[in-house]
Amino acid sequence: MIIKRFKNYQDLSDFAASDIANSIKNKPSLVLCMASGDTPKLTVDLLVKKLKEEKIDYSKITFIGLDEWVSLPPANTGSCHYFFQNKLIGPLELKPAQYFLFDALADDLQNECKKMDEFIDEKDGIDLMLVGIGMNGHIGFNEPGVSFNNLSHVIALDETTRSVGKKYFSEPVELTKGITIGFKHLLNAGKVFLMANGSKKAEVIKKAVEGPVTDNFPASVMQKHKNGFVLVDDEAASLLSKPH
Ligand code: GLP
């Protein structure tokens, strides 16, 4: 795992967007998996801009949505689906066969997990994964206590995730469960970027990077990845004891 530190959110997002764009240049059939949320917002906007302006051929990429709030319709502006559709799938005009997002309204959520796992297998795994970190150290909805061996799964959300998650919604919602890609896929991914910005993320970044590797703090899984990068701005890196 390598830590890369940037002056600010703009530089951090610029780096991630450029790296993803270059990865698509080098491998036009790239399988990209991404989190939604506040952290990757600028990266996604810059990525779409770069792909278009630099006329990079993105017609063969595959996109995978990392997670979703169970029971929320895709039209809800706080859903991950809404984020991916409006910021990436729509602007890039990806064809339905080119992406897979969890259907959080499916009657059979286990089958939804199976479909995701099969989709990832058919594509020969994820090449590049861009994830964020929650205030309890989660990645996607891999909540504290989750096994590092999990494939896609449905999980009860912990208290922190339920309350922090309210920030995405304009109306009150009840957040109880999540559906998410598991750490087996993350550990098998060719490259993983975990991104964090702002002082509110400083403590969780310190734990993820310098704390013990334990399923009680899911983001510590990054320390096990052979090609994992933690991208942080100065504020998120401010509590790290070792120089990075
Ligand atoms: C959310 C999502 C994660 C996301 C994380 C951080 O609950 N399930 O996929 O990466 O929390 O979100 P943010 O970037 O908004 O801080």
So Ile155, is it within 16 Å of the chain's Cα centre (by Cα) and surrounded by 16 or more Cβ atoms within 10 Å (Cβ to Cβ) = no
Scan the stretch 24-42 residue by residue and report those that are over 17 Å from the mean Cα position of the chain (by Cα) and of a type in the set (Ser, Thr, Tyr).
-> Ser29
Among the candidates Lys95, Lys41, which residue alone is within 13 Å of the ligand (Cβ to nearest atom), surrounded by fewer than 22 Cβ atoms within 10 Å (Cβ to Cβ) and without any contact (Cβ under 8 Å) to a residue 60 or more places away in the chain?
-> Lys41
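Kindly evaluate Leu66 against the criterion of being buried (at least 18 other Cβ atoms within 10 Å of the Cβ) and more than 15 Å from the ligand (Cβ to nearest atom).
no
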Residues in the stretch 123-164 that are within 11 Å of the ligand (Cβ to nearest atom), at negative phi and either acidic (Asp, Glu) or assigned to a loop (DSSP other than H, G, I, E, B) (or both) total 10
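If you check Lys60, Lys123, Lys114, Lys95, which single one turns out to be among the basic types (Lys, Arg) and in contact with a strand residue (DSSP E or B) (Cβ under 8 Å, 6 or more places away or on another chain)?
Lys123 is the lone residue from the list that is among the basic types (Lys, Arg) and in contact with a strand residue (DSSP E or B) (Cβ under 8 Å, 6 or more places away or on another chain).
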In the stretch 180-202, the residues that are of a type in the set (D, E, K, R) and either within 13 Å of the chain's Cα centre (by Cα) or surrounded by fewer than 18 Cβ atoms within 10 Å (Cβ to Cβ) (or both) = Lys184, Lys191, Lys200
Look at the stretch 98-115 and say how many of its residues are surrounded by 13 or more Cβ atoms within 10 Å (Cβ to Cβ) and either assigned to a helix (DSSP H, G or I) or modelled with pLDDT under 95 (or both).
-> 6
Determine, yes or no, whether Ile155 is touching a residue at least 40 places away in the same chain (Cβ under 8 Å) and either over 30 Å from Ile3 (Cβ atoms) or not charged (D, E, K, R) (or both).
-> no
For the stretch 32-54, name all the residues that are more than 15 Å from Ser79 (Cα to Cα) and aliphatic (A, V, I, L, M).
-> Leu32, Leu42, Val44, Leu46, Leu47, Val48, Leu51
Residue pairs within 9 Å by beta carbon, gap of at least six or interchain, first lying in the stretch 66-92 and touching a residue at least 40 places away in the same chain (Cβ under 8 Å) and more than 18 Å from Glu112 (Cα to Cα), second of a type in the set (Val, Ile, Thr) and surrounded by fewer than 22 Cβ atoms within 10 Å (Cβ to Cβ), listed first then second, are Asn76/Val173; Gly78/Val173; Phe83/Thr77; Lys87/Val48; Leu88/Val48; Pro91/Val48; Leu92/Val48
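The values are calculated or read from the model by the stated rules, or taken from the named source; none is laboratory data. On a predicted model such as this, the values are computed, not experimentally measured, just so you know. Here the Cβ is made from the backbone with ideal geometry for all residues, glycine too, and neighbour counts use every protein chain on show.
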